[in-house]
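Peer 1: The structure under discussion is supplied below as C-alpha cells; questions concerning it will follow.
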Amino acid sequence: VLFIELGIKMLSDTGKLGYITQNRFIKMGYGKKLRKYISENSQIIQLVNFGDLKLFAGAVNYPSILTLQKKSKEKLFSYVYFKDMARELDSNELLTALRKTFSQDKIENNIISSYKTDQTKLRDSAWTFGTLESMALFEKLNSLPKLEEFTEAISQGITTGGEGSSEIYFLPRIKADNLRIEKEFLKEFFRGEDIRKYSVNKRNDVLLYPYLGKNKSIDLKFYPRIKKYFEP
C-alpha cells in the first residue's frame, strides 16, 4: 500500500508505474483508502489479476500487475483476469496469453477474460470490474433501494431452539389477532419458497419476537398478553 502511494507521488505528470503486487487490495478492507488514492491521483493503464494462480513457487501469492500513469485524459483501462483453467498453462503460455491483451481490446475464452472498463465507475468500497455495458447495468442497479433498507438484520436464518418451539414462536396471523398480542413484537418473515422473481408472497403466519433490538429479552410483566400466551 505504501509503495504504491509513494510511487504515484514520485511520478512526473507523464510518468508511468508498474508493480507486481498482491491482488487483495482490490476488494479487502485494508485497501479502501488506497483504492480511493489511486482513483483520484492516477489513471490505471492495465490491471492484470491472476486470481490465486501460483506464479511463484511454494506459495499462493494472489498476484497482480498494476500499471498506471500519473495523468491522462483517458478514463478507460484494460482489465485482465486469468481463470481457473490457466492453472494448466506453463509460464511461457501465460506470458503469450498476456501479450495478446496489449493489442486486442477484448478477449474472452476459457483461459482469460480481457476488456476495457471505466475507471470513473470504480467504487472505493471494493473494485468490481465489468465491460462498459455491464458497468452501466451495475450503476443502474446500485441506484435502486437495497435489501438492508427493508430489514432489521440479515442473518443465516430464524432458529427458535428446542423441539416444538417453532409451533410457539410461529403462529397464524389470525390467532395473533384474536389473542391481541402486542403488535410491535410480531414480525413479518419469509422463507425461500416465498421469494419470487418480481414479488414476495405474504405469509399467513407471523413470528413472535419477544426481544428489544437484537438480543435484549422483554420483561413479560409489562406485556400481559404475551405472558398469558407463553404460560402454557
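The values are calculated or read from the model by the stated rules, or taken from the named source; none is laboratory data. Everything quoted here is computed from the prediction, not taken from an experiment. So basically every Cβ, Gly included, is an ideal-geometry build from the backbone, and we count neighbours across all protein chains shown. Protein only, heavy atoms only, side chains kept; ligands, DNA and RNA dropped before computing areas. Shrake-Rupley method; radii C 1.70, N 1.55, O 1.52, S 1.80 Å.
Peer 1: Check segment 147-214 and count each lysine pair with an alpha-carbon distance under 15 angstrom, considering only pairs eight or more places apart or from different chains.
Peer 2: Working: 175/183; 175/187; 187/202; 187/214.
Step by step, the pairs that qualify in segment 147-214 add up to 4.
Peer 1: Give the cross-link partners of residue 71 among the aspartates and glutamates, using a straight C-alpha distance below 15 Å as the criterion and excluding same-chain residues fewer than 8 apart.
Peer 2: In chain and number order, the partners are 5, 13, 40.
Peer 1: Please check: in the Gaussian network model of the chain (C-alpha springs, under 10 Å), which one of 66, 208, 132 has the largest mean-square fluctuation.
Peer 2: Maximum among the listed residues: 208.
Peer 1: 222 nm [θ] for the chain, helices only, -39500 (n - 2.57) per DSSP H run of 4+, per residue, to 500?
Peer 2: Working: 7 runs with 59 residues, N = 232.
Estimated from H runs of four or more residues: -7000 deg cm²/dmol.
Peer 1: Residues with beta-carbon under 15 Å from that of residue 110, excluding residue 110: net charge, scoring Lys, Arg +1 and Asp, Glu -1? Provide the component values of the computation, followed by the final result.
Peer 2: Working: positive: 83, 87, 100; negative: 84, 88, 93, 108.
Residues close to residue 110 contribute a combined charge of -1.
Peer 1: What's the lysine pair count for segment 1-69 at a Cα cut-off below 25 Å, pairs eight or more apart or interchain?
Peer 2: 10
Peer 1: Additional query: Explain nothing, just compute: Karplus ³J(HN,Hα) = 6.51 cos²θ - 1.76 cosθ + 1.60, θ = phi - 60°, for every residue of segment 109-122 in order, whole Hz, x for Gly and Pro.
Peer 2: 8, 7, 9, 9, 10, 9, 6, 7, 9, 9, 5, 5, 8, 6
Peer 1: Rounded, prolate or oblate: which one fits segment 108-232, using the alpha carbon gyration tensor with axes a ≥ b ≥ c (rounded when a/c is under 1.5, else prolate when a/b beats b/c, else oblate)? Walk me through the numbers on the way to the answer.
Peer 2: Details: a/c = 3.21, a/b = 2.83, b/c = 1.13.
Since a/c reaches 1.5 and a/b is larger than b/c, the shape of segment 108-232 is classed as prolate.
Peer 1: Is the C-alpha gyration tensor of segment 81-166 telling us rounded, prolate or oblate? Criteria: a/c under 1.5 is rounded; beyond that, a/b larger than b/c is prolate, otherwise oblate. Walk me through the numbers before you get to the answer.
Peer 2: On the way: a/c = 4.39, a/b = 1.82, b/c = 2.41.
Oblate.
Peer 1: Follow-up question, since we're still on this one. For helix 91-100, what angle does its Cα long axis make with the longest principal axis of the chain, in degrees from 0 to 90 and rounded to 10?
Peer 2: Between helix and principal axis, roughly 90 degrees.
Peer 1: Once neighbouring chains are kept in place and the probe is 1.4 Å, which whole percent of the accessible area of the chain is contributed by carbon and sulfur?
Peer 2: 54
Peer 1: Now, a different point. Give the separation of the Cα centroids, segment 175-209 to segment 1-69, in Å.
Peer 2: Computed from Cα coordinates, the inter-centre distance equals 48 Å.
Peer 1: Given a 1.4 Å probe, how much area per residue of segment 17-83 is accessible, in Å²? Please list the in-between numbers first.
Peer 2: Working: 3450 Å² over 67 residues.
With all protein chains present, segment 17-83 gives 52 Å² per residue.
Peer 1: A further question on this structure: Any idea what diffusion coefficient the chain gets from Stokes-Einstein, in µm²/s, Kirkwood Rh on alpha carbon pairs, 37 °C, 0.692 mPa s? Kindly include the intermediate steps, with their values, before the conclusion.
Peer 2: Details: Rh = 22.5 Å.
The estimated diffusion coefficient comes to 146 µm²/s.
Peer 1: Dividing the alpha-carbon Rg of segment 26-138 by 2.2 N^0.38 Å yields what? All intermediate terms of the calculation are to be shown ahead of the outcome.
Peer 2: Working: Rg = 14.3 Å, N = 113, 2.2 N^0.38 = 13.3 Å.
That works out to 1.08 for segment 26-138.
Peer 1: What are the semi-axes of the equivalent ellipsoid of segment 1-82, taken as the square roots of 5 times the eigenvalues of the Cα gyration tensor, listed largest first and rounded to whole Å?
Peer 2: Rounded to whole Å, the semi-axes are 22, 14, 12.
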